[in-house]
Amino acid sequence: MNQEKFIFKNNEGISYTSFWEAPSNIALIKYWGKKGNQIPSNPSISFLLSKCFTRTKINFSPINSKKDPWFTFKLDGKIKLDFYKKIETFLENILPYVPSLKMHNLMIDSSNSFPHSSGIASSASSMAAIALCITDWERQINSEMTEETFKIKTSFLARLGSGSASRSIYGPIASWGKTSHLKESSDRYAIPFKQKIDKIFDGFCNTIIIIDEAKKEISSTEGHRLMNDHPFAKKRFYQANQNFFEIKNSLATGDIEKFIQIVESEALTLHALMMTSSPPYKLFKPETIEIIELIKNYRENSKTPLCFTLDAGPNIHFLYPKAFRKDVLDFIDNEIIKIFPSIKFIHDQVGNGPKKI
Ligand code: DP6
């Protein structure tokens with residue numbers, strides 16, 4: 001899709017209210033490093049979640065006076081000034097593709113299904129939800145916009161807010177970033193993963209183990225920047241492409257052992273990259289390492305295909321087939337909660353996509 005295709009008929013003066021629910025996603029192959037205007041340094045692939053989502057309602061109305069604010073932003077019904085900078089940058093960034101936005105006031109009302117302090121990155125779901133409302137508003141007078149174009153444009157816009165948000169438009173699996181291993185892949189928007197997916201991945205479970213609720217020590221955006229002159233960057237971007245190829249095969253064949261090996265290696269590589277950047281960051285907590293050890297022992301002893309992944313923080317995502325849900329919940333009760341009684345959990349599973357409300 002070329003650049004011009006992203007610009008539709010100007011909907012200046014169109015009042016509209018749009019309300020969307022966009023889920024968060026968890027990357028199997030990690031996006032870590034970017035260039036230019038949100039162009040990823042390597043391809044990534046993710047599972048869309050279902051219970052961890054952001055709901056956003058936007059009321060668009062023509063600006064009547066220069067004194068009117070461009071937008072207001074509320075989280076759980078309360079104005080949140082600390083989010084204004086990020087939203088303003090996002091809106092400025094997407095203006096060339098939605099020029100009539102500037103002539104409208106946007107009343108943005110958002111809420112997350114997960115506690116804001118839970119340490120779950122909300123930028124993917126929140127930016128995706130805003131982008132969905134904006135493209136939905138645009139299509140009100142652009143009836144020629146097909147469902148496919150609607151999603152491509154939304155993913156394109158969401159990417160300009162937060163890279164991982166581009167993937168929150170598609171479930172159950174999305175990929176973002178150009179790679180020779182997927183013909184239709186693009187750096188500018190995510191695509192639904194339409195390759196064969198073995199049934200072992202149907203309804204795949206994701207339990208998030210919340211080890212630390214504190215705000216992240218370093219934002220993802222700053223973390224990506226550390227890859228610019230990282231000594232291992234070139235090798236890492238090459239490895240991500242290789243891992244993309246491997247995971248694509250394991251998703252198709254249901255080779256769960258290979259899947260586990262790659263997913264865990266990606267998680268540890270992400271943290272190894274942070275620990276070897278300048279300045280270095282160590283985002284693990286002792287509990288993170290202890291639980292990773294427990295998973296390894298449990299898997300070896302019980303042969304349960306449970307694995308872990310991590311984001312740029314200490315919390316752990318358990319990933320496992322739904323047929324093993326009961327076994328994993330028993331493991332959590334018997335081995336994790338016993339040692340770490342105050343740890344919180346969110347039980348989620350792979351979902352199918354955002355919803356219009
Ligand atoms: C570790 O998408 O949050 O979760 O584009 O700067 O907003 P920005 O970064 P962001 O980075 C996510 C990094 C990650 C891996 C991933 O989700 O692929």
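Give me the percent of the accessible area of the range 3-197 that comes from carbon and sulfur atoms, probe 1.4 Å, all protein chains in place.
On the range 3-197, the fraction of accessible area on carbon and sulfur atoms equals 54 percent.
Over 14 Å apart: what share of the alpha carbon pairs of the range 199-267 falls there, rounded to a whole percent?
Of all Cα-Cα distances in the range 199-267, 73 percent exceed 14 Å.
For ASP198, what accessible area in Å² do you get when you roll a 1.4 Å probe over the heavy atoms of the protein chains, rounding to the nearest 10?
About 40 Å², ignoring ligands and nucleic acids.
For ASN301 and TYR16, what is the calculated FRET efficiency with R₀ set at 51 Å and r taken between the beta-carbons, to the nearest 0.05?
The pair ASN301/TYR16 has a calculated efficiency of 0.35.
Please give the solvent-accessible surface of TYR298 in Å², to the nearest 10, using a probe radius of 1.4 Å with every protein chain present.
30 Å²
Quick one: with all protein chains in place, what share of the accessible area of the range 199-349 is carbon or sulfur, to the nearest percent (1.4 Å probe)?
Carbon plus sulfur share of accessible area: 54 percent.
Quick one: if the Förster radius is 22 Å, what FRET efficiency do TYR84 and LYS35 give, using the C-beta to C-beta distance and rounding to 0.05?
0.25
Out of the GluC sites (Glu not before Pro) in the range 1-101, which ones are loop residues according to DSSP with at most 15 other C-beta atoms within 10 Å?
Sparse-neighbourhood loop GluC sites (Glu not before Pro): GLU12.
Have a look at the DSSP beta bridges in the chain and tell me what percent are antiparallel, nearest 5.
90 percent
With charges only on Cβ, +1 for K and R and -1 for D and E, what is the dipole size of the range 120-170 about its Cα centre, in debye, rounded to 20?
It works out to roughly 220 debye.
Size of the range 1-100 along its principal axes in angstrom, Cα-based, largest extent first?
That works out to 47, 36, 23 Å along the principal axes.
Could you tell me the convex hull volume per residue, in Å³, taken over the Cα atoms of the chain?
135 Å³
Provide the FRET efficiency to the nearest 0.05 for the LYS194-SER65 pair, computing r from the beta carbons and using R0 = 41 Å.
With R0 = 41 Å, the Cβ-Cβ based efficiency is 0.30.
Which cross-chain or sequence-distant (5 or more) residues have an amide H under 5 Å from the amide H of ILE63, H modelled 1.01 Å from N in plane?
The answer is HIS104, ASN105.
Give the span of the range 3-197's Cα atoms along each principal axis, as three whole-Å numbers ordered largest to smallest.
51, 40, 28
Given a cut-off of 29 Å, name the pairs among LYS9/LYS86; LYS51/LYS196; LYS196/LYS326; LYS35/LYS216; LYS80/LYS178 whose C-alpha atoms lie farther apart than that in the structure shown.
LYS80/LYS178
Which of the pairs LYS78/LYS338; LYS183/LYS282; LYS235/LYS282 have their Cα atoms more than 32 Å apart in this structure?
Going by Cα-Cα distance, LYS78/LYS338; LYS183/LYS282 fall outside the 32 Å limit.
At 1.4 Å probe radius, can you tell me the per residue accessible area of the chain in Å²?
Per residue, the chain has 44 Å² of solvent-accessible surface.
So what are the range 252-298's ellipsoid semi-axes, whole angstrom, largest first, if each one is the square root of 5 times an eigenvalue of the alpha-carbon gyration tensor?
Result for the range 252-298: semi-axes of 24, 16, 5 Å.
Could you work out the percent of alpha carbon pairs in the range 71-148 separated by over 21 Å, rounded to a whole number?
Summing the P(r) of the range 71-148 above 21 Å gives 32 percent of all pairs.
Using only Cα atoms, locate the centre of the range 70-92 and the centre of the range 305-348, then give the distance between them in Å, rounded to an integer.
First find each Cα centre; the distance between them is then 34 Å.
Considering only Cα-Cα distances, which of the following residue pairs are longer than 27 Å: LYS30/LYS258; LYS34/LYS303; LYS34/LYS355?
Going by Cα-Cα distance, LYS34/LYS303; LYS34/LYS355 fall outside the 27 Å limit.
Tell me, what is the 1.4 Å probe accessible area of ILE337, in Å² to the nearest 10?
Rounded to the nearest 10, that gives 60 Å².
Equivalent ellipsoid semi-axes for the range 199-349, as square roots of 5 times the alpha carbon gyration tensor eigenvalues: give them largest first, rounded to whole Å.
Largest first, the range 199-349 gives 26, 21, 12 Å.
The values are calculated or read from the model by the stated rules, or taken from the named source; none is laboratory data. The shown structure was predicted, so the numbers you read here are calculated from the model rather than taken from an experiment. Glycine also receives a Cβ, built like all others from the backbone with ideal geometry; neighbour counts cover every protein chain displayed. In case anyone asks, the SASA skips ligands and DNA or RNA and just uses the protein heavy atoms, side chains included. Shrake-Rupley method; radii C 1.70, N 1.55, O 1.52, S 1.80 Å.
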